[in-house]
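Structure record follows, encoded as C-alpha coordinates.
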Amino acid sequence: MRRTLFENMFGLLSAVGAVLMTAAPSAVAEDVVALRQTDMKAMATAAKTIFGMFKDPANYKAAEFQKAADTIRDRSGGVLFRHFASEVANPQSKAMPNILEERERFDRLANDLRDYAVALDAAAQNNPGPMPSGMRMKPGEAMGGGPLGTHVRSEQALSAMPAEHVFHLMLQTCTTCHVRFRTD
Ligand code: HEC
(Lines give C-alpha, C1' and ligand atoms only; values in the text may rest on other atoms or scores of the structure.)
Protein backbone atom coordinates (compact mmCIF):
# COMPACT_ATOMS: atom_id res chain seq x y z
CA MET A 1 0.00 0.00 0.00
CA ARG A 2 2.70 2.40 1.07
CA ARG A 3 4.78 1.48 -1.90
CA THR A 4 1.87 2.02 -4.22
CA LEU A 5 1.26 5.44 -2.75
CA PHE A 6 4.92 6.27 -3.14
CA GLU A 7 4.89 5.01 -6.67
CA ASN A 8 1.80 7.03 -7.44
CA MET A 9 3.35 10.12 -5.96
CA PHE A 10 6.53 9.53 -7.82
CA GLY A 11 4.64 8.91 -11.00
CA LEU A 12 2.70 12.13 -10.51
CA LEU A 13 5.79 14.13 -9.70
CA SER A 14 7.69 12.93 -12.69
CA ALA A 15 4.68 13.58 -14.87
CA VAL A 16 4.54 17.14 -13.54
CA GLY A 17 8.27 17.39 -14.01
CA ALA A 18 7.99 16.20 -17.58
CA VAL A 19 5.23 18.70 -18.31
CA LEU A 20 7.30 21.52 -16.83
CA MET A 21 10.38 20.43 -18.70
CA THR A 22 8.60 20.35 -22.00
CA ALA A 23 6.27 23.29 -21.43
CA ALA A 24 8.78 25.74 -20.04
CA PRO A 25 11.23 26.04 -22.93
CA SER A 26 8.54 26.32 -25.60
CA ALA A 27 6.62 28.90 -23.57
CA VAL A 28 9.82 30.87 -23.24
CA ALA A 29 10.47 30.50 -26.95
CA GLU A 30 7.03 31.82 -27.78
CA ASP A 31 7.49 34.68 -25.36
CA VAL A 32 10.80 35.72 -26.82
CA VAL A 33 9.47 35.65 -30.37
CA ALA A 34 6.40 37.68 -29.39
CA LEU A 35 8.59 40.06 -27.44
CA ARG A 36 11.11 40.70 -30.19
CA GLN A 37 8.37 41.10 -32.80
CA THR A 38 6.59 43.61 -30.55
CA ASP A 39 9.86 45.49 -30.12
CA MET A 40 10.46 45.50 -33.88
CA LYS A 41 6.97 46.87 -34.48
CA ALA A 42 7.52 49.60 -31.90
CA MET A 43 10.77 50.53 -33.66
CA ALA A 44 8.97 50.65 -37.00
CA THR A 45 6.35 53.03 -35.56
CA ALA A 46 9.09 55.20 -34.07
CA ALA A 47 11.01 55.28 -37.36
CA LYS A 48 7.82 56.32 -39.13
CA THR A 49 7.38 59.20 -36.67
CA ILE A 50 10.90 60.43 -37.34
CA PHE A 51 10.48 59.95 -41.08
CA GLY A 52 7.38 62.16 -41.01
CA MET A 53 9.30 64.96 -39.32
CA PHE A 54 12.09 64.96 -41.90
CA LYS A 55 9.55 64.79 -44.68
CA ASP A 56 7.82 67.86 -43.39
CA PRO A 57 9.96 69.70 -40.83
CA ALA A 58 6.89 71.70 -39.78
CA ASN A 59 5.89 68.47 -37.98
CA TYR A 60 9.10 68.48 -35.96
CA LYS A 61 8.64 68.39 -32.23
CA ALA A 62 11.86 67.78 -30.36
CA ALA A 63 10.21 65.88 -27.51
CA GLU A 64 8.38 63.49 -29.85
CA PHE A 65 11.45 63.04 -32.00
CA GLN A 66 13.49 62.26 -28.93
CA LYS A 67 10.90 59.84 -27.60
CA ALA A 68 10.90 57.98 -30.92
CA ALA A 69 14.72 57.85 -30.92
CA ASP A 70 14.64 56.51 -27.36
CA THR A 71 12.11 53.84 -28.33
CA ILE A 72 14.69 52.54 -30.80
CA ARG A 73 17.63 53.09 -28.45
CA ASP A 74 15.95 51.02 -25.74
CA ARG A 75 15.15 48.14 -28.10
CA SER A 76 18.44 47.90 -29.98
CA GLY A 77 21.96 46.90 -28.95
CA GLY A 78 22.09 44.13 -26.38
CA VAL A 79 18.35 44.21 -25.77
CA LEU A 80 17.83 43.30 -29.41
CA PHE A 81 20.52 40.71 -29.87
CA ARG A 82 19.76 38.94 -26.60
CA HIS A 83 16.29 38.23 -27.98
CA PHE A 84 18.03 36.19 -30.65
CA ALA A 85 20.43 34.35 -28.36
CA SER A 86 19.29 30.87 -29.36
CA GLU A 87 17.44 29.38 -32.25
CA VAL A 88 13.75 28.90 -31.62
CA ALA A 89 11.74 26.42 -33.60
CA ASN A 90 8.68 28.61 -33.91
CA PRO A 91 6.70 28.83 -37.13
CA GLN A 92 5.71 32.40 -36.18
CA SER A 93 9.30 33.52 -36.37
CA LYS A 94 10.95 34.83 -39.52
CA ALA A 95 14.40 34.86 -37.97
CA MET A 96 16.91 32.87 -39.97
CA PRO A 97 19.19 30.24 -38.41
CA ASN A 98 22.31 31.99 -39.71
CA ILE A 99 21.94 34.51 -36.86
CA LEU A 100 23.72 32.02 -34.62
CA GLU A 101 26.42 31.31 -37.19
CA GLU A 102 27.02 34.98 -37.90
CA ARG A 103 26.65 36.17 -34.36
CA GLU A 104 29.18 38.98 -34.55
CA ARG A 105 27.70 40.49 -37.64
CA PHE A 106 24.19 40.37 -36.21
CA ASP A 107 25.24 41.87 -32.89
CA ARG A 108 27.17 44.62 -34.63
CA LEU A 109 24.13 45.66 -36.64
CA ALA A 110 22.10 45.74 -33.43
CA ASN A 111 24.78 47.91 -31.82
CA ASP A 112 25.01 50.20 -34.85
CA LEU A 113 21.28 50.72 -34.61
CA ARG A 114 21.69 51.79 -31.02
CA ASP A 115 24.51 54.21 -31.87
CA TYR A 116 22.30 55.88 -34.46
CA ALA A 117 19.39 56.10 -32.04
CA VAL A 118 21.65 57.68 -29.41
CA ALA A 119 22.86 60.23 -31.99
CA LEU A 120 19.27 61.07 -32.92
CA ASP A 121 18.35 61.49 -29.27
CA ALA A 122 21.24 63.96 -28.92
CA ALA A 123 20.14 65.85 -32.04
CA ALA A 124 16.68 66.34 -30.55
CA GLN A 125 18.15 67.52 -27.27
CA ASN A 126 20.38 70.00 -29.08
CA ASN A 127 17.52 71.34 -31.18
CA PRO A 128 14.53 71.95 -28.91
CA GLY A 129 12.92 74.56 -31.16
CA PRO A 130 11.98 74.30 -34.82
CA MET A 131 14.08 71.92 -36.93
CA PRO A 132 17.16 73.85 -38.08
CA SER A 133 18.53 73.28 -41.58
CA GLY A 134 21.62 71.77 -39.96
CA MET A 135 19.55 68.69 -39.08
CA ARG A 136 18.70 68.14 -42.74
CA MET A 137 20.82 66.57 -45.40
CA LYS A 138 22.29 68.99 -47.84
CA PRO A 139 21.31 68.61 -51.47
CA GLY A 140 23.66 66.13 -53.09
CA GLU A 141 25.07 64.92 -49.79
CA ALA A 142 26.36 61.40 -50.23
CA MET A 143 24.01 58.80 -48.81
CA GLY A 144 25.19 55.85 -46.85
CA GLY A 145 28.27 55.59 -44.72
CA GLY A 146 30.77 56.05 -47.54
CA PRO A 147 33.41 53.33 -47.74
CA LEU A 148 32.25 51.99 -44.40
CA GLY A 149 28.81 51.17 -45.70
CA THR A 150 26.16 51.51 -43.04
CA HIS A 151 28.71 51.36 -40.29
CA VAL A 152 29.97 54.66 -38.94
CA ARG A 153 32.56 54.03 -36.33
CA SER A 154 32.94 57.04 -34.15
CA GLU A 155 30.48 58.91 -32.05
CA GLN A 156 32.20 62.09 -33.19
CA ALA A 157 31.59 61.32 -36.85
CA LEU A 158 27.94 60.70 -36.03
CA SER A 159 27.47 63.92 -34.10
CA ALA A 160 29.09 65.90 -36.95
CA MET A 161 26.56 64.48 -39.40
CA PRO A 162 23.14 65.98 -40.04
CA ALA A 163 20.52 64.00 -38.11
CA GLU A 164 18.72 63.17 -41.33
CA HIS A 165 21.83 61.45 -42.61
CA VAL A 166 22.08 59.46 -39.37
CA PHE A 167 18.45 58.51 -39.84
CA HIS A 168 19.17 57.18 -43.33
CA LEU A 169 22.03 55.10 -41.96
CA MET A 170 19.63 53.81 -39.35
CA LEU A 171 17.07 52.71 -41.93
CA GLN A 172 19.81 51.08 -43.97
CA THR A 173 20.79 49.13 -40.86
CA CYS A 174 17.22 47.85 -40.45
CA THR A 175 17.23 46.76 -44.08
CA THR A 176 20.72 45.25 -44.04
CA CYS A 177 19.81 43.10 -41.08
CA HIS A 178 16.46 42.03 -42.53
CA VAL A 179 17.96 41.11 -45.90
CA ARG A 180 20.52 38.88 -44.27
CA PHE A 181 18.73 37.52 -41.23
CA ARG A 182 15.01 37.57 -41.88
CA THR A 183 13.04 35.44 -44.28
CA ASP A 184 10.95 37.06 -47.05
C1 HEC B 1 20.28 43.10 -36.01
C2 HEC B 1 19.19 42.76 -36.90
C3 HEC B 1 17.97 43.63 -37.04
C4 HEC B 1 17.91 44.99 -37.03
C5 HEC B 1 19.05 45.99 -36.90
C6 HEC B 1 16.51 45.33 -37.19
N7 HEC B 1 15.76 44.20 -37.30
FE8 HEC B 1 13.74 44.14 -37.57
N9 HEC B 1 13.81 42.09 -37.51
C10 HEC B 1 14.95 41.33 -37.42
C11 HEC B 1 14.60 39.92 -37.41
C12 HEC B 1 15.58 38.75 -37.33
C13 HEC B 1 13.19 39.86 -37.50
C14 HEC B 1 12.31 38.59 -37.46
C15 HEC B 1 11.97 38.28 -35.99
C16 HEC B 1 11.09 37.06 -35.82
O17 HEC B 1 10.09 36.94 -36.56
O18 HEC B 1 11.40 36.25 -34.93
C19 HEC B 1 12.73 41.25 -37.58
C20 HEC B 1 11.39 41.63 -37.71
C21 HEC B 1 10.95 42.93 -37.89
C22 HEC B 1 9.57 43.31 -38.11
C23 HEC B 1 8.38 42.36 -38.17
C24 HEC B 1 7.84 42.14 -36.76
C25 HEC B 1 6.66 41.16 -36.74
O26 HEC B 1 5.62 41.52 -36.21
O27 HEC B 1 6.81 40.03 -37.23
C28 HEC B 1 9.54 44.69 -38.24
C29 HEC B 1 8.32 45.57 -38.48
C30 HEC B 1 10.91 45.16 -38.10
N31 HEC B 1 11.74 44.06 -37.89
C32 HEC B 1 11.27 46.50 -38.14
C33 HEC B 1 12.58 46.95 -37.92
C34 HEC B 1 12.97 48.34 -37.97
C35 HEC B 1 12.05 49.51 -38.28
C36 HEC B 1 14.30 48.37 -37.71
C37 HEC B 1 15.22 49.55 -37.64
C38 HEC B 1 14.80 50.71 -36.90
C39 HEC B 1 14.74 46.99 -37.50
N40 HEC B 1 13.68 46.16 -37.65
C41 HEC B 1 16.05 46.63 -37.24
C42 HEC B 1 16.23 41.80 -37.33
C43 HEC B 1 16.60 43.13 -37.23
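Can you find, within region 92-111, the residue that is most open to solvent (accessible area, probe 1.4 Å) among those that are more than 10 Å from the ligand (Cβ to nearest atom) and assigned to a loop (DSSP other than H, G, I, E, B)?
It comes out as 97.
Identify all residues within region 70-91 that are closer than 21 Å to residue 111 by Cβ and near the ligand (Cβ under 10 Å from one of its atoms); write none if there are none.
71, 72, 75, 76, 77, 80, 81, 83, 84
Would you confirm whether or not region 49-69 contains a residue that is in a helix (DSSP H, G or I), touching a residue at least 24 places away in the same chain (Cβ under 8 Å), β-branched (Val, Ile, Thr) and near the ligand (Cβ under 9 Å from one of its atoms)?
The answer is no, given that none of the residues of region 49-69 is in a helix (DSSP H, G or I), touching a residue at least 24 places away in the same chain (Cβ under 8 Å), β-branched (Val, Ile, Thr) and near the ligand (Cβ under 9 Å from one of its atoms).
The rows are residues; the columns are (1) modelled with pLDDT of 95 or more; (2) farther than 22 Å from residue 106 by Cβ; (3) in a loop (DSSP other than H, G, I, E, B).
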| site | (1), (2), (3) |
| --- | --- |
| 119 | yes, no, no |
| 138 | no, yes, yes |
| 144 | no, no, yes |
| 153 | no, no, yes |
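The values are calculated or read from the model by the stated rules, or taken from the named source; none is laboratory data. Bear in mind the structure is a predicted one, so any value in this text is a computation, not a measurement. With ideal geometry, Cβ positions are generated from the backbone for all residues, glycine too; neighbour counts draw on all protein chains shown. Calculation scope for accessible area: heavy atoms of the full protein, side chains included, ligands and nucleic acids excluded. Shrake-Rupley method; radii C 1.70, N 1.55, O 1.52, S 1.80 Å.
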